[in-house]
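Written out below as structure tokens is the structure these notes cover.
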Amino acid sequence: MENLIALLVAAPLLGAVVLLCGGRRLDAVGHWIGTLLSSASFVIGVVLFTDLLGKNAEHRTLMQHLWTWVPVEGFQADVTFRLDQLSMTFVLLITGVGSLIHLYSVGYMEHDERRRRFFGYLNLFLAAMLILVLADNYLLLYVGWEGVGLASYLLIGFWQHKPSAATAAKKAFLVNRVGDMGLSIAIMLMFTTFGTFAFGPVLSHVGDASEGKLTGIALMLLLAACGKSAQVPLQSWLGDAMEGPTPVSALIHAATMVTAGVYLIVRSGAIFNAAPDAQLVVTVVGAVTLLFGAIVGCAKDDIKKALAGSTMSQIGYMVLAAGLGPIGYVFAIMHLVTHGFFKAGLFLGAGSVMHGMNDEVDMRKYGGLRKYMPVTFITFGLGYLAIIGFPGLSGFFSKDKIIEAAFAKGGTEGWILGGAALLGAAITAFYMTRVMLMTFFGEKRWQPDENGHEPHPHESPRTMTIPMIVLAFGSVFAGGIFGIGDRFLHWLEPVTGHEEGNSPVSALTVTLATMVVLVIGVAIAWAQYGRRPVPAVAPRGSLLTRAARRDLLQDDFNHVVLVRGGEHLTRSLVYVDHTLVDGVVNGTAASMGGLSGRLRKLQNGYARSYAVSMFGGAAILVAATLLMRAV
Amino acid sequence: MSATAVHSLWTTAAGADPISKIPTPKIEYGQLSPTLIILGAALIGVLVEAFVPRKSRYYAQVFVSVVALCAAFAAVVALAADGYGTTKAHIAAMGAIAVDGPSLFLQGVILLSGLVGLFTFAERRLDPEAHGNRVDSFAAQGASVPGSDSEKAAVKAGFTTTEVFPLLLFAVSGMLVFPSANDLLTLFVALEVFSLPLYLLCALARRKRLLSQEAAVKYFLLGAFASAFTLFGIALLYGYAGSMSYATIAQVVDGSITNINPALADTMGNDALLLIGGAMIVMGLLFKVGAVPFHMWTPDVYQGAPTPVTGFMAAATKVAAFGALLRLLYVVLPGLRWDWRPVMWGVAIITMLGGAIVAITQTDIKRLLAYSSIAHAGFILAGVIATTRDGVSSVLFYLGAYSFVTIGAFAVVTLVRDAGGEATHLSKWAGLGRRSPLVAAVFAVFLLSFAGIPLTAGFAGKFAVFKAAAAGGAAPLVVVGVLSSAIAAFFYIRVIVLMFFSEPRPDGPTVAVPSPLTMATIGVAVAATLVLGVAPQYFLDLANQAGVFVR
């Protein structure tokens, strides 16, 4: 069975190679090749899953060793895949949601002449993401980590003719470099501390290392997670990443890649458990981000950016849960999966709306769309109910557990974190209701554009609605399937471990409180956007609204602190470089060049001087050999 | 040794043993089959030239050569699978040929290089058609004077030099014997068998014929000069040991010989003969691998020879010559290693540094690659010096990796053309990445591999030889090696920068669309470069298994 694991990766990788190297002759069928191979990977995933289910919990780890990259004493770089409950969960999410989004893209990208290349990139993404979650060591994980970064870069900038898309891709790439640097430093630290970077030996020998070192490793891993998962302070790229085609936003920047940071933290749980200071930082990052994203999401009029704020906020929940240690690991992953369903569904719904509205993204120019696109309305609505945590739907089970876990942390921290999580739930209800009302309810607000084309909203083709319907099913039922009877907990516990914690308040109280803030959030949104018409031009708004529209000034902050500071630093470094380093380097280079030029003159083209040189060489060779004997 | 002594020896031997008692030589045809297949095919190629009509000769020659190379490779694989590389390794053909791991490994590499090299020989779509005939990289008629009427007539008649295919096969047969030769005479014969066809091939360029002929003459003169040294060294060693056989010489060197040839009793054991003779043979081999200071033919010949020949020669000659050098140093002269190691240290250091430094100021891509090959010879010498089993296997691996990258790189050079044929001046390559991203990207892969960047074959190879050298006690050599790699990286990366970050010139070259033949060559080379870089383990293991010489 374990020999199938490599096929999971091989199928989409083959797709990427075929589609990217295949050239124009594949234009007609490329999208189906991509979809087929991604589905093949999903089918293999399901086969492996049923196999795992048939085994006892302790035998549910399959390993496949492919080859050793660099075999040196003391430095073993293996290409080995590990399939356990945690990676299995991700495999199903990635290939399942991935295949649906491939199918959706067939319709969505129909009129794009570079559709084959798009599918090639999507397949490349799937392969890299699967390497990331299947890797058995941090080095191979890093390969996947960089691979998804590359795919994300290529796909955000897919419409590279738009300067905004090209800039957004560059921004995502640069911000991610900061995180990637963290991961590489963490791996190096791990190597110097443990002498290896395979999961098994590292995580089981955590006790041998000092807490200071572990805190360092954990903080570097957190930095990596912040970059990939758009957590404060490396959150700024995610909003701009919405410049990519909507299926990309759904797959990469909502359901899968951005959750890689959560995976990294949960996978490295043993390290974080032994570094409580780092865990505290993780929870703070999570709590801050969940509020940050939610506030940004309230102010955006661009439907995709509002959803991006929401993604950031929901991942904040997951990071918060992951920072809680064994109390929260399982729920972080559970929320990750349910979020994968409903957020992908919401994005696909947003894409469907844009598809029918001539790619308009401003929600102030929507309104009343429920009559025009019933399927989109219903599926989006179910996703909406799921994300706000409507009782019985997916988000209810997973988010409620995280809020409970935050309180269960105990002490003042528990109250603060739990309070933040509750507040986040209220804001989530507000901004999602706002999106829902502005898009599907009220009066139609769209106008003919400057060319006189009035949008004719219509339902999207079957290839797009089917994935939305499937994801809506997931949004409705996944939480119940996972949550009732603690099925997900029992499944994942052998890998991540679990503790109950000691909550100062009962679970029922938390649930009730969540319901109350939910109702409050929805009610405020209704009062603001449902009862009275939405102005087609955004009002000036309060100071907070204006700040939130500018992503809470994140770019201004980055500009002032990092860009300006960086410029100053660069200038002074350039000065040192010019005067000191260049002197040495150019001096060396010039002397090499000069030497090269002089030596070159020996090569004068005359066979006779070549022969003399050979003769001299031979004489020296013989003389030196004799001399060696003499001394 | 007096003349009478020799004479009496000869006469008494004949007198004591009547003719009838001369034993029939025992030849293991099966184990020699790779060489025999190639030689046979080369002879068939000569017959094809004589009897097949001109129109169909090309196809017949390509067919014969491909079949022969594939069959010979299959024979090598069969022998290796049969255990001749490990447990059944032994000395065949009355002591002339060693059939062992290094032999079979290197023969496999040479045959594969020959095969992919042959594809570039057979390429006929790059040059524009001349008078309605497809032409390859070779002169229409080698004997016609460049620029003469007879040349024009030959071109007009659509002649092509299909003799290159048998010449290639003859060269390959010599190269197959060279690393497996187990006595000095066989070594010398093999050396000449593979050198002579190469001299001829170098002279046969279709474009820039004068440059090509000049290269061939230089190569021939200097090659003959080096052969003379080798031959003289062989004579001295025979004088020292009284035998041509590697095993016997090794026994004399370490003093374990039992029966002493009476005729040579007065000279045997004279260490001066041994040291001078050994050094001279080594010098001949260093000439073939292009080590400094015997390297000066390399840039001129690489530049002047037709590029397919350059690619083949750069790869296969190096493989064969390093194979012979390894066997000589590890089988014949291990007892002398305290004498030759310091000398080889020096050669390796000046080769690495010399190649890398002079390459910096080159402006012609073929000369650049020539100097790069010199630097690589230095890196391989570092592995040779290790004198351990790891040293052998790392050199074997390096040679395999290097030969594919080299052939691939020269194959790309044949694609970039302007009105005068191949555009080899570096300034013409500016902005190539914008015009033909795929070709430039492929070339960049080869350059990165030459530079030894991880995930390419070059990294794995360099890592292996440096590791072996460091473990073999040559750590300072590794430091020099890494430094010269850094110098070398400069000019490789410079070409990449030139291709991708410079504006294309308006009069820049075009990239010809090759036939599937050259595409296959380049494809195989890229695949080998990446596979050996990403997953070298299997091939390292293979080289490691093949790393023991039979004595």
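Flag set for A:ASP551, criterion: farther than 30 Å from B:LEU273 by Cβ, more than 10 Å from every other protein chain (Cβ to nearest Cβ) and in contact with a helix residue (DSSP H, G or I) (Cβ under 8 Å, 6 or more places away or on another chain).
Anything in region B:456-478 that is buried (at least 21 other Cβ atoms within 10 Å of the Cβ), among the aliphatic types (A, V, I, L, M) and either in a helix (DSSP H, G or I) or within 14 Å of chain A (Cβ to nearest Cβ) (or both)? List them, or say none. The answer is B:ALA457, B:ALA460, B:ALA464, B:VAL465, B:ALA468, B:ALA469, B:LEU477. Scanning region A:37-62 for residues that are among the charged types (D, E, K, R) and either within 14 Å of chain B (Cβ to nearest Cβ) or surrounded by 14 or more Cβ atoms within 10 Å (Cβ to Cβ) (or both) yields A:ASP51, A:ARG60. Taken over region B:502-551, the residue count meeting the criterion of being aromatic (Phe, Trp, Tyr) and in contact (Cβ under 8 Å) with a residue 40 or more places away in the chain is 2.
Across region B:430-440, a minimum of one residue is classified as on the phi > 0 side of the Ramachandran plot, in contact (Cβ under 8 Å) with a residue 12 or more places away in the chain and more than 14 Å from chain A (Cβ to nearest Cβ). Note on region A:352-373: residues that are at pLDDT below 90, assigned to a helix (DSSP H, G or I) and of a type outside the set (A, V, I, L, M) amount to 6. The set of residues in region A:19-59 being out of contact with any Gly (no Cβ under 7 Å at 6 or more places or on another chain), polar (S, T, N, Q) and under 12 Å from A:SER99 (Cα atoms) consists of A:THR35, A:SER39, A:SER41. Checking each residue in region A:590-608 for being more than 8 Å from every other protein chain (Cβ to nearest Cβ) and part of a helix (DSSP H, G or I) picks out A:ALA590, A:SER591, A:GLY594, A:ARG598, A:LYS601, A:ARG608.
Which residue is surrounded by the most Cβ atoms within 10 Å (Cβ to Cβ), if the candidates are limited to region A:339-384 and must be of a type in the set (Gly, Ala, Ser) and closer than 10 Å to A:PHE440 by Cα? The residue in question is A:GLY367. If you go through region B:511-525 and keep only what is part of a helix (DSSP H, G or I), within 14 Å of chain A (Cβ to nearest Cβ) and surrounded by fewer than 21 Cβ atoms within 10 Å (Cβ to Cβ), you end up with B:MET519, B:GLY523. Screening A:VAL563, A:VAL574, A:VAL612 for residues that are modelled with pLDDT under 80, surrounded by fewer than 15 Cβ atoms within 10 Å (Cβ to Cβ), in a helix (DSSP H, G or I) and of a type outside the set (S, T, N, Q) leaves exactly one candidate, A:VAL563. Residue check: B:SER212 meets all listed conditions (1) part of a helix (DSSP H, G or I); (2) at pLDDT below 90; (3) touching a strand residue (DSSP E or B) at 6+ places or on another chain (Cβ under 6 Å) but one, namely (2). Against the list (1) exposed (fewer than 14 other Cβ atoms within 10 Å of the Cβ); (2) within 14 Å of chain B (Cβ to nearest Cβ); (3) farther than 30 Å from B:PHE466 by Cβ, the condition A:HIS65 fails is (3). Of all residues in region B:302-311, those satisfying the criterion of being surrounded by 24 or more Cβ atoms within 10 Å (Cβ to Cβ) and more than 14 Å from the chain's Cα centre (by Cα) are B:GLY304, B:ALA305, B:PRO306, B:THR307.
Filtering B:ALA314, B:ALA272, B:ALA279 for residues that are more than 14 Å from chain A (Cβ to nearest Cβ) and either part of a helix (DSSP H, G or I) or surrounded by fewer than 24 Cβ atoms within 10 Å (Cβ to Cβ) (or both) leaves a single hit, B:ALA314. Of the residues making up region A:536-558, just one is loosely packed, with under 12 Cβ neighbours inside 10 Å and in a helix (DSSP H, G or I), namely A:LEU543. B:LEU396 satisfies every condition listed in (1) under 27 Å from B:LEU542 (Cβ atoms); (2) within 14 Å of chain A (Cβ to nearest Cβ) except (2).
Once region B:526-551 is narrowed to residues that are in contact with a Leu (Cβ under 9 Å, 6 or more places away or on another chain) and part of a loop (DSSP other than H, G, I, E, B), the residue that is surrounded by the most Cβ atoms within 10 Å (Cβ to Cβ) is B:GLY547. Hey, any hits in region B:94-106 for a residue that's of a type in the set (Gly, Ala, Ser), modelled with pLDDT under 90, within 25 Å of B:ALA423 (Cα to Cα) and outside any helix (DSSP H, G or I)? No, the conditions are met nowhere in region B:94-106. Filtering region B:81-96 to residues that are buried (at least 20 other Cβ atoms within 10 Å of the Cβ) and out of contact with any strand residue (DSSP E or B) (no Cβ under 7 Å at 6 or more places or on another chain) leaves B:GLY85, B:ALA93.
Which residue pairs have Cβ atoms under 6 Å apart, sit 6 or more places apart or on different chains, and have a first residue in region A:114-132 that is in contact (Cβ under 8 Å) with a residue 40 or more places away in the chain and a second that is of a type in the set (Asp, Glu)? Taking only residues 6 or more apart or on different chains, the pairs are A:ARG116/A:ASP27.
From the list B:ARG551, B:ARG494, the one residue that fits, being more than 30 Å from B:VAL62 (Cβ to Cβ), away from chain A (no Cβ under 12 Å) and not hydroxyl-bearing (Ser, Thr, Tyr), is B:ARG551. Within region B:286-301, restricting attention to residues that are more than 10 Å from chain A (Cβ to nearest Cβ), under 12 Å from the mean Cα position of the chain (by Cα) and not basic (Lys, Arg), the residue that is farthest from B:GLY383 (Cα to Cα) is B:GLY290.
Annotation note: Cβ proximity below 8 Å between a residue of region B:321-350 that is within 14 Å of chain A (Cβ to nearest Cβ) and a residue that is among the polar types (S, T, N, Q) (sequence gap 6+ or interchain) occurs for B:LEU329/B:THR387; B:ARG337/B:THR387; B:ASP339/A:THR625; B:TRP340/A:THR625; B:ARG341/B:THR387; B:VAL343/A:THR625. The set of residues in region B:139-174 being of a type outside the set (A, V, I, L, M) and more than 30 Å from B:ALA68 (Cα to Cα) consists of B:SER144, B:PRO146, B:GLY147, B:SER148, B:ASP149, B:SER150, B:GLU151, B:LYS152, B:LYS156.
The values are calculated or read from the model by the stated rules, or taken from the named source; none is laboratory data. From a predicted model like this one, the values you see are computed outputs, not experimental measurements. When we count neighbours, we look across all protein chains shown, and the Cβ atoms used for this are built from the backbone with ideal geometry, even at glycine.
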